[in-house]
1. Among the residues of segment B:294-310, write down those that are at the interface with another protein chain (Cβ under 8 Å from one of its Cβ atoms) and within 21 Å of A:G67 (Cα to Cα).
2. Within the bounds of segment B:120-127, is there any residue that is farther than 18 Å from B:Y14 by Cβ and either touching a helix residue (DSSP H, G or I) at 6+ places or on another chain (Cβ under 6 Å) or not small (G, A, S) (or both)?
3. For segment B:271-293, enumerate the residues that are at the interface with another protein chain (Cβ under 8 Å from one of its Cβ atoms) and either without any contact (Cβ under 8 Å) to a residue 24 or more places away in the chain or touching a Pro at 6+ places or on another chain (Cβ under 8 Å) (or both).
4. What about A:T63, is it within 14 Å of chain B (Cβ to nearest Cβ), modelled with pLDDT of 95 or more and buried (at least 23 other Cβ atoms within 10 Å of the Cβ)?
5. Please enumerate the residues belonging to segment B:131-175 that are in the same structural domain as B:W18 (by TED's automatic domain parsing), surrounded by fewer than 18 Cβ atoms within 10 Å (Cβ to Cβ), part of a loop (DSSP other than H, G, I, E, B) and in contact with a helix residue (DSSP H, G or I) (Cβ under 7 Å, 6 or more places away or on another chain).
6. When the residues of segment B:1-51 are filtered to those that are assigned to a loop (DSSP other than H, G, I, E, B) and within 14 Å of chain A (Cβ to nearest Cβ), which remaining residue is surrounded by the most Cβ atoms within 10 Å (Cβ to Cβ)?
7. Tell me which residues, restricted to segment B:59-92, are free of Cβ contacts under 8 Å to residues at least 60 places away in the same chain and surrounded by 16 or more Cβ atoms within 10 Å (Cβ to Cβ).
8. Please tell me if A:G218 is in contact (Cβ under 8 Å) with a residue 24 or more places away in the chain, under 30 Å from A:E148 (Cβ atoms) and within 14 Å of another protein chain (Cβ to nearest Cβ).
Amino acid sequence: MKGYLGIDVGSVSTNLVFLNEGGIIKEAIYLRTQGQPIITVQKGLKELAGRLPSGTQVRGVGTTGSGRHLAGIIVGADAVKNEITAHAVASLVLVPGVQTILEIGGQDSKIIILRNGIVTDFAMNTVCAAGTGSFLDQQASRLNIPIERFGEIALEAESPVRIAGRCAVFAESDMIHKQQMGCSLPDILAGLCEALVRNYLNNVGKGKELLSPVVFQGGVAANVGMIKAFEKELGLPVQVPAYFDVMGAVGVALLAREAVVKNGMSYFKGLSVAESKFKTGSFECSGCPNMCEVVEVAEDDMVLARWGDRCGKWCNQVNKEEKVS
Amino acid sequence: MRIGIPRALLYYYYYPMWKTFFEELGAEVVLSSPSTKGILAQGLKYAVDEVCLPVKMSFGHVLDLAGKVDYVFLPRMVSVEHRKYICPKFLGLPDMIRCLDGVPPLIDVNVNLYRKDRDLYTAVKKAGSYLTANQIKIWVAYRRSVAALQKYNRLLQLGLIPEEALAVLEDRVKNEPLPYPSDLNVAVIGHPYNIYDPYISMNLVGRLRDMGATVFTSEQVPEKIVSKYAERLPKRLFWTLGQRMIGAAFHYLDRVDISGMVHVAAFGCGPDSMTGDMIERQAHALQAPFLSLTLDEHTGEAGILTRIEAFLDMVRWRQAEASGL
């Protein structure tokens, strides 16, 4: 089998997807990043290598998510794309005719508006992270319920309580207050889902025309309570695609496929990078009062990349060959 | 005598004028260093919590001049044109700064042209009096400073950003820079002290140029066009900078050669929250690609980078679609 690999390194999860040459999804792996992007990517590659039939040829690889640059360097990516473009590409292929994409991830939430198969508008949460997966995660653990069961418990609600969703910190104190008043757990959880949906639509969805078909993706789409809250608020059916939690990886695998066809070659280093030793470190540059935190990635003592400096003093040292023209 | 000018706020509009004026009167003008983490840290430490990021930054710039100059020129900018005001935070700036320890004495003349343009000369005379009692000298210096400002404004209208225009004015480069190679034009609308300070804006202009976009800003739009387009509002705006942003934004939204618009707001800026929304509504009504960026103290660049990458992807996608590719 020949195919393309997509890797989405997000704040909460790292996802890997393998597509065959016809674009059919053959394998999808969802892992928790747990603050260790490199190790998680390597773990994912190892797992993928075990699942794929022997003799499988990876013809190209793409990376996306907030860790896309790091992951791209580790594996030798053909396409390094932002998650908005990657999500839009995946939805367009998996849900033809999609006009609205609601995406809620670990630490950001976004809305993408498409018309006639192209992105016409998008928005991401601004400086506030209320209404993202991390908040649900945190509240679930505070209430001592596994996040996987959050949604089904919320569905048992009889009359969801009103929770202020404007700010995550105040939402939490509101919830504690409601708990102490004696409201039932399902009602509180359903109220929380509704508050998040309200906040999302007011903040990210502000002023946008949300038309059907509406697709809901990202890790939070696993929460049936959230799906129901969206349907109630929008008055529209909300679809959750089969691969909702790995859509970014699907999209970037498709983009890698395009890039490899265009370039006629791939930079992929092979699944064996799972065995390589990568070392990352950071240091504070003392060249000027910016005190930039420079991050360095090395493979077997060879520096692969540096970033984080505003002036380019460190990152240009590595990219020198590229810059000469 | 050494007179310090903080590289902040209205420096981006008036520096050539101020510099010429004081140098004509025999002073040595010292500019604070470009914004750095260290300067911002000082600003954050001493500024009141309520002000916006660029005002906090200006505190840091004044403190950067401490010990290097005899006076800091910090005019109280009340109004720079008939019947319009500058943001109220600028009115109180000299008083807020004066309270800090170790700040050199201020030259804080009142610039208030709200009633009549001639009132400017009262401020000019007072500023000049710190250096000479000779009224003719002050008049000549004033005329030359106005000429320098006109030259600077002409360069800005040609599409140079302040840094480039100053380099030309100060003969640091021998020819005017050519436009960057690009395949699309993007308008960047925001307060000059946000978009032109590469630290505050995380080098937004430079990044857009690196990604192949030519940047258009409000400063390139002549005053006449600004007021003509701002008249589309049902009511006159009373902020000079807000009027400039609205007029320029409406003008760019009307131009077919501008493919998209990025609005930059500082978190906590009152005028931005209003003008930004008015511009966004207009952009939506015209279905123009629009991106809103909110800047604050965070130094993580991933968020900004993801948004502008996705935005340019979207603009290019739409362009390709429109040209039938």
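1. Keep residues of segment B:294-310 that are at the interface with another protein chain (Cβ under 8 Å from one of its Cβ atoms), which gives B:294, B:296, B:298, B:302-303, B:305-307, B:309-310.
Across segment B:294-310, the qualifying residues are B:H298, B:A302, B:G303, B:L305, B:T306, B:R307, B:E309, B:A310.
2. Keep residues of segment B:120-127 that are farther than 18 Å from B:Y14 by Cβ, which gives none.
Taking every residue of segment B:120-127 in turn, none turns out to be farther than 18 Å from B:Y14 by Cβ and either touching a helix residue (DSSP H, G or I) at 6+ places or on another chain (Cβ under 6 Å) or not small (G, A, S) (or both).
3. Hits for segment B:271-293 are B:E280, B:R281, B:H284, B:Q287.
4. Numbers: within 14 Å of chain B (Cβ to nearest Cβ): yes; modelled with pLDDT of 95 or more: yes; buried (at least 23 other Cβ atoms within 10 Å of the Cβ): yes.
When the stated conditions are applied, A:T63 passes them.
5. B:T132
6. B:S35
7. Keep residues of segment B:59-92 that are free of Cβ contacts under 8 Å to residues at least 60 places away in the same chain, which gives B:59-64, B:66-67, B:75-76, B:78, B:82, B:88-89, B:91-92.
B:F59, B:G60, B:H61, B:V62, B:L63, B:D64, B:A66, B:P75, B:R76, B:V78, B:K89, B:L91, listed by residue number.
8. No; evaluated as a whole, the condition is false for this residue.
The values are calculated or read from the model by the stated rules, or taken from the named source; none is laboratory data. What you are looking at is a predicted structure, and each value in this text was computed from that prediction instead of being measured. Cβ coordinates were reconstructed from backbone atoms using ideal geometry, including for glycine residues, and neighbour counts include every protein chain displayed.
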